[in-house]
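Throughout, read-outs are computed from the coordinates displayed, never taken from laboratory work. None of these values were measured; they are calculated from a predicted model. Please note: Cβ atoms are built from the backbone with ideal geometry, for glycine as well, and neighbour counts cover all protein chains shown.
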Amino acid sequence: MTKKIERVLSAIAIASCCATLAYAQPDTIHPSSDGSDQADIIQTALDALRDGQRLVIAPGTYVVSHSLVVKAQSVVVSGYGATLVATHPNDQSLVVNGTNATVAGLTLRGTGSKRLETESSAKIVVRGTGIQILDTRIEGGASAGIFVSGATSVALAGNWVSATLADGIHITGGSQNVLVSGNTVIGTGDDMIAIVSYQTDGALCRNILVTGNRVSGNYWGRGLSVVGGSNVTLSDNTVQGVQKAAGILVAQEDGYRTYNATNVVIHNNIVSDIENSTSPDNKWPAAQHAGIDINTGAGSVSRVLVTDNKVLRANYGGFRALGNVCQYRITNSAFASIRGSPISMQSRNCAPSQIVSSVNTLDGKVFTQPVGTSATGEPPITGADAALLPRVNTSVRAARQTH
């Protein structure tokens, strides 16, 4: 028989007798013994949370037939060892919109064999302020793994996303002050980590740091992408095995009506095995991007710093700037086993003094200064402001072994 929610202490009782406590002791949900649907039971527990409380989802497997919503403020939903198994492709999201809410440790097993475009088909949807998604594991799903839209001061740290049919992590809707740190993304159906600013959203994504992530095995889409946005840093990431497009892309795209991109730092990343797949099962055409690619449609990309990166085994060049790209600098980057040009400057409407290239190497040797560039210069490029980013809630993660 299904073990119901165990309420340990209520917030009301604590408020009346122990005013010094910040929140109630956790409620706990346990898996059913017969594998029955527990979506309603879990949602009831989430709805019962008062501000500042914690809900523990005990280790085990839970069948969930519809999306779930975390809406209370400053709550923690902890699920280390718990697996939620979705049954409906277009109704499988965990929506987190409670201010300062944290979700940690859950495994979310998605469903769906056809790519969908709805929020309800994503595995985690973040809308709000101060939300943190930590140490979750996402296995499959009909669209994005983690979808962040219109959110502020968000931390995505230590998560694992694999085999989703759309982006692994997708940040959009004018989201700002977002930290994406220490995540692993494998084998997604589109970009592995994407920042996209659509004109229809009416706002630019700003101040986003993507650092220390490992992404690999993408059969279609890009590794890391900034398609419209401002004040973005991509640093210390490993991008490997992007079969049909760029390892790292900064762009403005007409087809998706995106904003321009500006003030982007690409620093100390390792990018390897780009568009060199020999998989006979992958029939998608190659985009013919470079390992690190900057390109535009009718819009522009400006103020991009590419420094201290390694690009290995790329089939269509190491670095390329194409279109209305200006005020950019590529320096101290190492290229090896590159087919095509290690650095290709195809930007237009930009003076040589605004294009800086220096101390880059090909197969261990410094190569000739590209035509139409300057060896010195410091375009005003800062990337993300770390002082505005949230700090990860380490106390929740440290407590995970007790759940």
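Residue by residue, the range 360-366 carries 3J(HN,Hα) couplings of 9, 10, 10, 6, x, 10, 5 Hz when phi is fed to the Karplus relation 6.51 cos²θ - 1.76 cosθ + 1.60 (θ = phi - 60°); x denotes Gly or Pro.
A convex hull fitted to the Cα coordinates of the range 31-80 yields 67 cubic angstrom per residue.
For the range 71-395, the relative contact order comes to 11 percent (Cα pairs under 8 Å, sequence separation of at least 6). For the range 93-185, run through the trypsin sites (Lys or Arg not before Pro) and keep only the ones in DSSP coil with at most 10 other Cβ atoms within 10 Å of their Cβ. Here the sparse-neighbourhood loop sites are LYS114.
Taking θ as phi - 60° and the Karplus parameters 6.51, -1.76 and 1.60, the scalar couplings of the range 29-36 work out to 10, 10, x, 6, 7, 10, x, 6 Hz in sequence order, x denoting glycine and proline.
Seen against the Cα atoms of the chain and their longest principal axis, helix 39-48 is set at about 80 degrees.
The lysine pair count for the chain, using Cα distances under 23 Å and pairs eight or more places apart or on different chains, is 8.
Considering only ASN269, VAL239, THR376, the residue lying farthest towards the positive end of the dipole of the range 71-395 is THR376, judged by Cα position with unit charges set on Cβ. Taking semi-axes √(5λ) of the Cα gyration tensor in Å as calculated from this structure, the corresponding entry among [x] 42, 22, 17; [y] 50, 29, 18; [z] 35, 24, 18 is [x].
Reducing the range 26-49 and the range 155-199 to their Cα centroids gives an inter-centroid distance of 28 Å.
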